[in-house]
Amino acid sequence: HIAAVPLIKVWEKEEFVKQNIDTLQEFVNNMKYPNGKPAEGLVFRGYKNGKIMYSKNLQKMLSVKIINQNYKD
């Protein structure tokens, strides 16, 4: 059994298109694990009509990860 990762936030399209890389980076940089340490980052996935978006050209789900600049191994 593989545990699912938590869903952090769902942006509606109208709200998400107002974001830019700086606002998204700031959002991710402020994320923390329950123990208070900075979270590693956040994976963004497109979602349409109740399904995760899939690229036929790439042959995989569409996703982007933004790394928390405050995260340390």
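Bear in mind that the values in this text are calculations on the coordinates, not laboratory data. If you're wondering where the values come from, they're calculated on a predicted model, not measured in any experiment. Positions of Cβ are generated from backbone atoms using ideal geometry, with glycine treated the same way; all protein chains shown enter the neighbour counts.
The calculated FRET efficiency for Lys60 paired with Val17, based on their beta-carbon distance and R0 = 25 Å, is about 0.60.
Each label point was placed 7 Å from the Cα along the Cα-to-Cβ direction; for Gln25 and Lys9 their separation is 1.6 nm. Ignoring lysines fewer than eight residues from Lys65 along the same chain, the ones with Cα atoms less than 17 angstrom from its Cα are Lys9, Lys32.
Using a cut-off of 15 Å between beta-carbons, work out the net charge of the residues near Gly50 (Lys and Arg +1, Asp and Glu -1, Gly50 not included). With Lys, Arg at +1 and Asp, Glu at -1, the net is +3.
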